[in-house]
Amino acid sequence: MNRKLKIAGLISGGGTNLQALIDACANKQIYNGEFVCVGSDKLDAFGLTRAKNANIPTFILGYKEISSLAKSSPGRIHLNTPHDFKLEEALKKSDLPDTEENRKRLCIRAIVEYQLLNELKKYAVDVLVLAGFMRILSSYFLDRFQPDPAKPKVLNIHPALSPSFPGEHGYEDAYDYGVKVHGATVHYVDHRKDTGPIIDQSCYKRLQNETIESFKARGLMIEWELYVNALNLHCENRLKIITNPSGRRIVEEIPRKIFANR
Ligand code: GRF
């Protein structure tokens, strides 16, 4: 049997998705992976307690401190960026307009992402799962952690059926729009927001007179199962990136039977 992949998680909040993934590793629903660390940009994120309860080491990413530093000495934040950070390149690869504010934002991201790269190195992490992590990872991090575009290693769960309703408020936006079918998407992370190759999606029907609370709660339950299955496929090495005739990179699932015979 292959060695287990070392999984890291990043969270910002309650961490119910993280919990589902931790449980799935513990009960061998994900048999080829194990959590080695969990990071957060928020000191009080409950997901950190979930990780600690499962004896998984945790770390905090210093977005808050670095943002304060940038505020107190504007115009100098670039002096703290990693030696191999190239602002123009990061700007070009992002979907951000070229403004002073965005340049500063990318510097802040690179400084914290340098810390993140070191944490992941420390635990020899093979795969990173974003589970309600409310920050964007820039090309500085992505190009270093997953240098081979054919072998992505960062997964995210998005609370909508991509490419509909990108951004942080998938449930609220879809509910307001009046959709009759909603769902969630697990995808690999690329340089842009919620646009990476889709691994899997799951959907549910909106009920008559459903409240936003119930709409969200039912969606979240779908997310847990979806994320467990997607991470399991990744850990089993059953996901392949192919380029389709339109030039788009998409994910193909390798059926278990064929995989077993390889
Ligand atoms: C989920 O809806 C996820 O799709 C989104 O943020 C939420 C996190 O929830 N990215 P939890 O922290 O996993 O409970």
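Read the figures in this text as sums done on the coordinates, not as results from a lab. From a predicted model like this one, the values you see are computed outputs, not experimental measurements. With ideal geometry, Cβ positions are generated from the backbone for all residues, glycine too; neighbour counts draw on all protein chains shown.
Observations
- Of all residues in segment 223-254 being of a type outside the set (A, V, I, L, M, F, W, C) and part of a loop (DSSP other than H, G, I, E, B), the one that is farthest from the ligand (Cβ to nearest atom): P245
- Residue within segment 26-44 that is more than 16 Å from the ligand (Cβ to nearest atom), part of a helix (DSSP H, G or I) and under 21 Å from N156 (Cβ atoms) present: no
- In segment 51-74, the count of residues that are surrounded by 15 or more Cβ atoms within 10 Å (Cβ to Cβ), of a type in the set (K, R) and away from the ligand (no atom under 16 Å from the Cβ) is zero.
- Some residue of segment 194-206 being hydrophobic (A, V, I, L, M, F, W, C), touching a residue at least 12 places away in the same chain (Cβ under 8 Å), within 11 Å of the ligand (Cβ to nearest atom) and in a strand (DSSP E or B): no
- Considered as a group, the residues in segment 1-25 that are free of Cβ contacts under 8 Å to residues at least 60 places away in the same chain and more than 14 Å from L130 (Cα to Cα) include one that is farthest from the ligand (Cβ to nearest atom), and that residue is M1.
- Flag if L43 is crowded, with 18+ Cβ neighbours inside 10 Å and on the phi < 0 side of the Ramachandran plot: no
- Among the residues of segment 139-194, those identified as of a type in the set (D, E) and farther than 18 Å from L10 by Cβ are D148, E172, D173, D176.
- Filtering segment 170-205 to residues that are buried (at least 17 other Cβ atoms within 10 Å of the Cβ) and touching a His at 6+ places or on another chain (Cβ under 7 Å) leaves G170, A174, A184, T185, H187, D194, G196, P197, I198, I199.
- Checking each residue in segment 162-188 for being assigned to a loop (DSSP other than H, G, I, E, B) and within 12 Å of the ligand (Cβ to nearest atom) picks out S162, F165, P166, G167, E168, H169.
- Yes/no for N156 being outside any loop (DSSP other than H, G, I, E, B) and within 16 Å of the ligand (Cβ to nearest atom): yes
Rundown of residues vs (1) part of a loop (DSSP other than H, G, I, E, B); (2) in contact with a Leu (Cβ under 6 Å, 6 or more places away or on another chain); (3) of a type in the set (A, V, I, L, M, F, W, C); (4) farther than 30 Å from A26 by Cβ, yes/no style:
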| site | (1), (2), (3), (4) |
| --- | --- |
| P97 | yes, no, no, yes |
| L120 | no, no, yes, no |
| M134 | yes, no, yes, no |
| L142 | no, no, yes, no |
